[in-house]
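The values are calculated or read from the model by the stated rules, or taken from the named source; none is laboratory data. Because the structure is predicted, anything quoted here is derived from the model rather than measured. Note that we place each Cβ from the backbone using ideal geometry, even for glycine, and neighbour counts take in every protein chain shown.
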Amino acid sequence: MARRRGLAVAGPSRISGQLVLRIGLWLAILVVAIFLALAGVGAGLTYYVTSQNDTLESVNPQTYLLSSYISLSFTDKMGGEHDGWLLLGLRGAPVIILCHGYNSNRSELLSLGSILRDNHYNVYIFNFQGPKTKENHSNLGPRQASDLMSAIDTVTKQPDVNPNRVGLFGTSVGGYAALVAAEQNPKVKALAVDTTYSTPEQMFDSQIERLLGGSSGLFHVLTAAEFRLASMGNQTYDMPANLPKLTGMPKLFISGRDDPALSAMTEGLFNQAPQPKQLRVMEHTASGMASEAEKKEYEDQILNFFLQSLSLRAD
């Protein structure tokens with residue numbers, strides 16, 4: 001008689017529910033620890049990008065043998081004081097205000113300022129940050145735009161300056177500030193910007209990519225959130241929506257191929273901007289020029305633009 005095989009009975013699981021719970025808990029702790037570590041690195045990168053400020057002024061007006069100038073400071077809306085130089089040109093001529101870029105200071109633009117002054121313009125160059133300003137961190141544009149509008153109010157009250165005709169030039173952060181101020185202030189009659197952007201987040205992302213040597217999706221998400229958190233409560237501007245206000249104002253956009261991200265943004269702004277407008281594409285941005293010949297070509301482009309667009313006549 002055939003023997004029947006007994007049904008196999010499953011034995012007790014070798015992995016208890018308590019062990020599974022413990023493993024899951026350790027994995028959760030590991031994930032949280034990794035997230036906190038990444039968030040800490042992201043916070044460090046955010047701090048680094050927003051705190052960069054070059055305060056070492058390599059030259060001053062005496063370096064260029066300029067005797068006709070005055071030191072002129074102004075107070076921003078937060079009560080901070082900004083140092084500036086007013087290079088005096090033809091009495092009653094317009095003033096061209098030069099706005100330095102990211103991680104820079106006014107001395108970077110003194111060469112350009114001296115050339116504009118030699119062609120009879122009044123020229124004002126100031127620092128966005130300094131020992132007497134209230135904020136040592138940058139929100140990459142809106143605060144600088146507010147500072148520039150305070151600078152316009154101060155410098156156009158000077159007796160040697162035409163109070164109704166202002167030219168603006170800015171690079172990167174200074175370019176953002178110049179664009180916003182031109183949209184807001186009817187005294188601005190001509191505008192030139194070099195390698196700039198339309199939102200602070202774009203500038204922040206470009207600097208994070210530069211630090212990391214390329215794009216990193218995870219760090220972009222973390223640092224972008226931290227930058228937005230750090231910028232909460234700051235005044236914001238919708239620059240693209242206000243570009244139609246620049247209709248009729250001569251505009252020069254300079255795009256540097258050595259900064260592809262900001263170059264693309266600059267050319268995008270040029271495409272959106274109303275007429276009249278010009279675009280100059282150069283191999284290098286202002287900070288990346290390696291030769292005197294390249295620097296001279298760059299400064300000549302800006303000088304010729306203002307000579308054509310901002311008359312020296314008095315109103």
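One table, with the values for the structure above:
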read-out: Positions within segment 260-272 being surrounded by 13 or more Cβ atoms within 10 Å (Cβ to Cβ) and without any contact (Cβ under 8 Å) to a residue 12 or more places away in the chain, in sequence order; value: ALA264
read-out: Selection within segment 162-212 - assigned to a helix (DSSP H, G or I) and either under 19 Å from LYS245 (Cβ atoms) or modelled with pLDDT of 95 or more (or both); value: VAL173, GLY174, GLY175, TYR176, ALA177, ALA178, LEU179, VAL180, ALA181, ALA182, GLU183, GLN184
read-out: Matching residues, segment 81-103, being among the aromatic types (Phe, Trp, Tyr) and either over 23 Å from THR133 (Cα atoms) or in a loop (DSSP other than H, G, I, E, B) (or both); value: TYR102
read-out: Subset of segment 48-75 [in a helix (DSSP H, G or I), at pLDDT below 85 and loosely packed, with under 12 Cβ neighbours inside 10 Å]; value: none
read-out: Per-region count, segment 141-161, residues crowded, with 24+ Cβ neighbours inside 10 Å and either part of a loop (DSSP other than H, G, I, E, B) or aromatic (Phe, Trp, Tyr) (or both); value: 1
read-out: Every residue from segment 117-137 that is out of contact with any Asp or Glu (no Cβ under 8 Å at 6 or more places or on another chain), within 14 Å of SER150 (Cβ to Cβ) and charged (D, E, K, R); value: GLU135
read-out: Count - residues of segment 273-302 that are surrounded by 15 or more Cβ atoms within 10 Å (Cβ to Cβ) and in contact with a Ser or Thr (Cβ under 8 Å, 6 or more places away or on another chain); value: 8
read-out: Residues (of a type outside the set (S, T, N, Q) and at pLDDT below 95) located in segment 91-105; value: ARG91, GLY92, GLY101, TYR102
read-out: Residues of segment 248-281 that turn out to be in a strand (DSSP E or B) and at pLDDT 90 or above, as a count; value: 10
read-out: Which numbered condition ALA241 misses (of (1) surrounded by 14 or more Cβ atoms within 10 Å (Cβ to Cβ); (2) not in a strand (DSSP E or B)); value: (1)
